[in-house]
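Below is one structure, written out as structure tokens; the observations come after it.
A short reminder: the numbers here are calculations on the coordinates, not readings from a lab. Since the model is a prediction, treat every value here as computed from it, not as a measurement. Note: ideal-geometry Cβ built from the backbone for every residue, glycine included; neighbour counts use all protein chains shown.
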Amino acid sequence: MVEMSHFDNIYGQDHLKKLFGCAFERDHLSHAYLFEGKKGMGKYAFALEVARTYLCEDYPNPGCGACRSCAAIERGSHPDLQVVFPFPNLKPESRKVPVFPFSHLAKNGARYSEETLKEVEQFRSSKREDPYRIIDFEKKPNLPIEVIKDLRAYLKLKPQLSRRKAVIVLELELMAHLAANVFLKTVEEPPPDTLIILTTCNSGMILSTIKSRCQVLHFAPLDEEIIASVLTSRLDLDPLRLSFVIRAADCSLGLAEKFCRHRVWEIRDEVVGVISDLLSGQRHTPPPQASVLGGSTAENLFCAFLWIFRDLYFLRTGGEDNRLINCDIEDKLKGMAVAVAKPGVLEEAMTLTARVEERYFTLNLDLEFSLLYFILKLKDLFSGRVIE
């Protein structure tokens, strides 16, 4: 079996390393792969290493790291490797510049604002620095049909540096519906010597016709020890706080790193204060102060409520302490759990949290208003009043 030396930079996923090692040894790759797994599991990092070997001048041996092709991938400027991802369309009335290199070659290239290009370039730079890193745009991203048409036109051209081409499409579930139907034609009948790697966090949102034409590979959660080793090499975290971050991230390295960047334990502590006030029956309960931050913090806020309700339910139903997410505030949670009238209330609280979060993101509601509404409903729930 081919020794995939570049996969030494990939954490975990040994089953996939073995699979691609055999595939490269036999020179028998599928034309299209769908990498499925939670955010931050390393789908992009893995796809990049597969593309590196596929385009290397020494193929099918592992990417040598020294040839022109490998050097171009390292710089993020390989003309035969295109990485496509959803992006926000800022100032849609302005259509000045292409945001992907292949659009320069398309006859009717997709054009967007300079502000959009800046966001896209920042995404590329962050991913080049750390392929596991999760980058959140302030506005909702998607992959429009114009970009996919440009990509299809590009794939018809001959390779410029390597003998082959590779395309990586991130977060396929965010591709516009019309764009997905157009892209289906590429997946069905790709140009010769072209490798297509798609990634998704939710394969249920992908066209079944696209999924059926790919080899679907699942990315497993990483071991806690692996994530702890990576994070402690970068950050100075208390061991209990580190355990909390890893468990909250559900063993996703990218998500754990994001939680550290956002200091999610501070947001969680705000939420603990709110729930404590609600359980003690205080008449006036202000929303978490973190709400003024908005953006990705909103997602962290709703997650923090779910983490606390989940742990309280776990304690009220006799769960083992070592299964707690918020293991760094275990004593505090045990005191709060005593104040909960019955576990069923916590189940309803988790359902309510998920419903309010979905409405907030789907309808693009005001965060302050959503949290005030949410807290009022929680107050009704904990006081025994029926909520609708």
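At a glance:
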item: Residue-span extension gain [K118 to A339] - 0.36 nm each, minus C-alpha spacing; result: 74.5 nm
item: Residues of type lysines that K17 reaches as a straight line, Cα spacing below 27 Å, ignoring anything fewer than 8 places off in the same chain; result: K38, K39, K43, K127, K165, K211, K258
item: Debye equation applied to the C-alpha atoms of segment 5-218, log10 I(q)/I(0) at 0.11, 0.13, 0.15 Å⁻¹; result: -0.49, -0.71, -0.98
item: Helix axis angle, 145-155 relative to the chain longest principal axis, alpha carbon, degrees; result: 30
item: Label point distance in nm, L157-A71, each placed 7 Å from Cα along Cα→Cβ; result: 2.2
item: Angle in degrees between helix 367-382 and the longest Cα principal axis of the chain, rounded to the nearest 10; result: 50
item: Percent of C-alpha pairs per 10 Å bin, segment 190-245, short to long; result: 16, 31, 20, 22, 10, 1
item: Residues I134, I227 arranged by fewest to most Cβ contacts within 10 Å; result: I134, I227
item: Set of lysines near K91 by C-alpha distance (under 18 Å), chain-local residues within fewer than 8 positions excluded; result: K118, K139, K140
item: Dimensionless Rg/Rh of segment 42-121 - Kirkwood Rh, Rg from C-alpha atoms; result: 1.08
item: Percent of beta bridges antiparallel (DSSP, the chain, rounded to nearest 5); result: 10
item: Principal axis box of segment 78-156, alpha-carbon based, largest edge first, Å; result: 33, 31, 17
item: GNM flexibility winner over the chain from D58, D328, D238 (Cα, springs under 10 Å); result: D238
item: Nearest-20 debye value, segment 5-218 charge dipole, Cβ charges on Lys, Arg, Asp, Glu; result: 460
item: Gain on full stretching of the segment that runs from E138 to K96 - 0.36 nm per residue minus C-alpha separation; result: 13.0 nm
item: Segment 22-83: trypsin sites (Lys or Arg not before Pro) falling in loop per DSSP and having at most 14 other Cβ within 10 Å; result: R26
item: Kirkwood hydrodynamic radius of segment 262-382, Cα pairs, Å; result: 14.4
item: Length-normalised contact order for the chain - Cα pairs under 8 Å, 6+ apart - percent; result: 17
item: Share of pairwise Cα separations in the chain, more than 25 Å, in percent; result: 61
item: Estimated FRET transfer efficiency (A354, E25; beta-carbon r; R0 35 Å; 0.05); result: 0.15
item: Segment 112-199: GluC sites (Glu not before Pro) in DSSP loop, at most 14 other beta carbons within 10 Å; result: E138
item: For the chain, built as a Gaussian network whose Cα springs stay under 10 Å, the top-fluctuating residue of V147, V340, V169; result: V340
